[in-house]
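The values are calculated or read from the model by the stated rules, or taken from the named source; none is laboratory data. A quick note: this is a predicted structure, and the numbers were derived from the prediction, not measured. Please note: Cβ atoms are built from the backbone with ideal geometry, for glycine as well, and neighbour counts cover all protein chains shown. Surface accessibility is based on the protein's heavy atoms, side chains included, excluding ligands, DNA and RNA. Shrake-Rupley method; radii C 1.70, N 1.55, O 1.52, S 1.80 Å.
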Amino acid sequence: MARTQGSHSDITGPRIRKAALGLFARHGYAAVSMRQIASEVGVQAGALYNYTPDKQSLLYRLMHEHMQDLLSAYDDLDHPTDAPEALRQFVGFHIRFHLERPDEVFIAYMELRNLTPENFSEIEALRRSYENALETILRSGQQGGVFDIADTKIATLAVIAMLNGVMTWYRAGGRLSLDEVEQVYWDMVRRSVSI
């Protein structure tokens, strides 16, 4: 099949992923067809298969890229050795990174159930790497006597769930600035783990 005029792999591939991301976030993975994605991009449905083997591969790639970007951005930070400061940094990083990527965040959490078992296993391993970074901070504070935490794994999941809540309601230009929201969440997280 001939490539659509004006179609270039370095342009069309990213456009397909962007279109799929928006459609999956708005309508859900199960409700979106490859034909809809092709229509959004402006290519023939058959042309999509030059860029992705199937819809499942597209979903996996979107999630994988998001998790790799998250881990890479977090790893690039200069991490404080002081547990409370490291926790504060994590809170601010998590909120700001995720607010810039609402569609990616929605898909990363809501569409896990649509991954094949093999793909789920790989994405879950990346998620665990990120959760482990937070749990390491909490365990360090627990061992240093500055955090009062009965179970660091449960505390990790609770903190991430709390921080993810910001994505459901925060809007720029609202009653609180992003700095104020970050401070409120930091205060809540700090009080939940401090002695």
Taking the conditions exactly as written (touching a residue at least 60 places away in the same chain (Cβ under 8 Å) and either part of a helix (DSSP H, G or I) or over 30 Å from Ala172 (Cβ atoms) (or both)), does Arg128 satisfy them or not?
no
So which of Glu111, Glu118, Glu180 is open to solvent by 40 Å² or more (accessible area, probe 1.4 Å) and within 29 Å of Ala20 (Cα to Cα)?
Glu118
Among the residues of segment 131-176, write down those that are open to solvent by 40 Å² or more (accessible area, probe 1.4 Å), assigned to a loop (DSSP other than H, G, I, E, B) and under 24 Å from Ala108 (Cα atoms).
Arg171, Ala172
With the first residue restricted to segment 132-150 and required to be on the phi > 0 side of the Ramachandran plot, and the second required to be open to solvent by 40 Å² or more (accessible area, probe 1.4 Å) and among the β-branched types (Val, Ile, Thr), Cβ contacts under 8 Å at 6 or more apart or on different chains are Gly145/Ile195
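Grab the helices (runs of 4 or more DSSP H) fully contained in segment 8-124, keeping just those with 2 or more residues being of a type in the set (Val, Ile, Thr) and over 16 Å from the mean Cα position of the chain (by Cα).
9-27, 34-41
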Residues (touching a Lys or Arg at 6+ places or on another chain (Cβ under 8 Å), open to solvent by 30 Å² or more (accessible area, probe 1.4 Å) and under 13 Å from Asn119 (Cβ atoms)) located in segment 15-64
Arg61
Taking segment 74-101, which residues are farther than 30 Å from Asp148 by Cα and open to solvent by less than 80 Å² (accessible area, probe 1.4 Å)?
Arg101
Can you pull out every residue in segment 62-81 that is of a type in the set (A, V, I, L, M) and over 28 Å from Gly22 (Cα atoms)?
Leu77
